[in-house]
Structures are given as C-alpha cells and as structure tokens.
Amino acid sequence: MTDLLYRSFTPDLEVRSGGDGRTVHGIAVPWGVEQRIDVDLVETFARGAFNHQLRAANRVRFAREHVDLGGTLIGATRLMRDDASGLYVELRASKTPEGDATLELIRDGALPHLSIGFRERRNRRLRSGAIERVQAHLFEIAATMEGAYGDTAPITGVRTAGGGHGHDDTAVEYCPECAHCTVPAGVDEVRRILADLPALAS
C-alpha cells in the first residue's frame, strides 16, 4: 500500500457571524505551486488531482492534528470543489467537546493551518525537476498548530451552517523553510528530537 503523506498550508482565519458557526472553510491544496519538501523532492499539485473524490467529500475525515500522528477526529468534510486557486473545502466540526475546543482555537488563531493526508496515485516529473501530483487520494484534512509550509494557503473562515458557498480567493505563497510533514509537536521540538538521534553507521 502507498505510504501516507502529509502536507500543510496556512489560512487567513475569520469567523462569520450568524448560524451555529461550525463550518470551517478554505483552500486545502493550492494548484501549481512548486514547493521544496526535502533535499530530494520539489512537489506541486496539478489542478484536478482530487476530482475523482468531489462527489464523496463526506468520506474525507476532519481532524484536529492528524489522527495517525496522535490527533483527534472531530468531524467530516461536507464539500470539496475544484477552484482556480486550489481545492476548496468546507469542513463540519461535530458538536463534541473536541469539536467545540477546536473551533475556539481556530477563532483565536491558535490552529491557523490546514494539513492534508493523502496517498499518491499518479505523478509526473516536470521540466523543472519537480514532481507533479497529477492524481492523489485525500483521506484526511486537519486543523494544525504548526504547518510544514509555514504561512501559505488559508482556512478562509468558520462559516455558518446554512450560508452560501462563497469564499475568499486569496493569493497563495509558500514559505521556503519547511519540514517534510506535520506532526503534533512544534517544528523546533521535532528538529531537537531528530538532532538527538544517534547517527547511522556509514
């Protein structure tokens, strides 16, 4: 089975008034932006990479940090749409203590990033040397404290349950300083742990 991969982006957060305010929305994956993941990999997502899943958005879970990395399931995806700037998503937080706490942390700016968990399906190498994810399978979207890419693709806001599907097409830029994947611990803590590991024998 293909390995699980994680990539993180940062949204501009806003909470819209009215309704019950339990829907988080924004661009989960921006299209066509090359990002260095590590010394061997520069990656970009092709527009339409997740189109095969658009009609089954509810099968993509919504988490506070990634479940397989110690996070908590808090809800499900309600909508995925292929927009010009990226994969637009609407995520519904269930009315549970964890869901309520996550929404408050998003409103307060303490969980400013969206992170996707996916399996690669079809790739191609571009002339630039980057690997383009032509098709990938999304299994999870998480609100995270520390994203791998730094300040990039925004959670647009927390929207009311009955509102329209409008969103802010904010331009997306990546931070060139990044880690390979998002984990519940902060990046500095992860780097410290890795630095303390014994070196492999040559």
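Only the coordinates and a few stated rules stand behind these numbers; no lab work does. The structure presented is a predicted model; accordingly, all values stated were derived computationally and were not measured. Please note: Cβ atoms are built from the backbone with ideal geometry, for glycine as well, and neighbour counts cover all protein chains shown.
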Report task. Could you pull out every residue, at least 5 positions away or on a different chain, whose amide H is within less than 5 Å of the one on GLY75? Hs are placed 1.01 Å off N in the peptide plane, and Pro or chain starts have none. Result -> PHE62, SER94
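Multiplying the sequence separation of ASP40 and ASP20 by 0.36 nm and subtracting their Cα-Cα distance, what value in nm do you get? Please list the in-between numbers first.
Values: separation 20, 0.36 × 20 = 7.20 nm, distance 4.49 nm.
That works out to 2.7 nm of additional length.
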Report task. Enumerate the calculated ³J(HN,Hα) couplings along the stretch 128-140 in order (Karplus 6.51 cos²θ - 1.76 cosθ + 1.60, θ = phi - 60°), each rounded to whole Hz, writing x wherever the residue is Gly or Pro. Result -> 5, x, 6, 8, 9, 7, 6, 9, 9, 10, 7, 10, 7
Report summary line: The long-range amide H neighbours of LEU87, using H built 1.01 Å from N in the peptide plane and a cut-off of under 5 Å, are ALA28, VAL29, TRP31
Query raised in the report: Residue-wise, which Karplus ³J(HN,Hα) couplings in Hz belong to the stretch 43-58, taking 6.51 cos²θ - 1.76 cosθ + 1.60, θ = phi - 60°, and x for glycine or proline?
Result: 10, 8, 9, 6, 4, x, 4, 10, 4, 5, 10, 4, 8, 10, 4, 5
Query raised in the report: Simple spin-label model, 7 Å along Cα-to-Cβ: LEU105 to ASP82 in nm?
Result: 3.3
